[in-house]
């Protein structure tokens with residue numbers, strides 16, 4: 001399973017829905033949705049600024065995470081930037097891979 005960070009920005013209609021149903025309701029709904037997809041909600045935080053919510057979830061694969069991001073965007077009630085998160089072990093495995101990359105002009 002991989003971890004993903006969703007940076008969610010709600011539209012006016014999305015914010016109206018939060019105001020009507022409540023923040024706890026939204027968190028519970030998202031948690032159940034993720035579990036129904038075989039994943040797990042790690043955290044859900046509302047925030048000030050351009051991003052209204054930061055959601056971390058674990059999903060079985062990239063396709064499932066992409067499906068969630070597409071559903072959010074297609075709903076018209078918000079936009080979603082998705083970031084694949086790496087564990088320290090993932091980074092250590094990556095640093096062991098020789099790429100042969102050379103910077104320009106080297």
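Points worth noting:
- Any chance residue 78 is farther than 18 Å from residue 1 by Cα, surrounded by 16 or more Cβ atoms within 10 Å (Cβ to Cβ) and in contact with a helix residue (DSSP H, G or I) (Cβ under 6 Å, 6 or more places away or on another chain): yes
- Selection within the range 48-85 - farther than 17 Å from residue 17 by Cβ and free of Cβ contacts under 8 Å to residues at least 24 places away in the same chain: 48, 49, 63, 66, 70
None of the figures in this text is laboratory data; all of them are computed from the coordinates on show. Predicted model, so just to flag it, every value in this text is computed and none were measured. Counting neighbours? That spans all protein chains shown, and the Cβs are built from the backbone with ideal geometry, glycine included.
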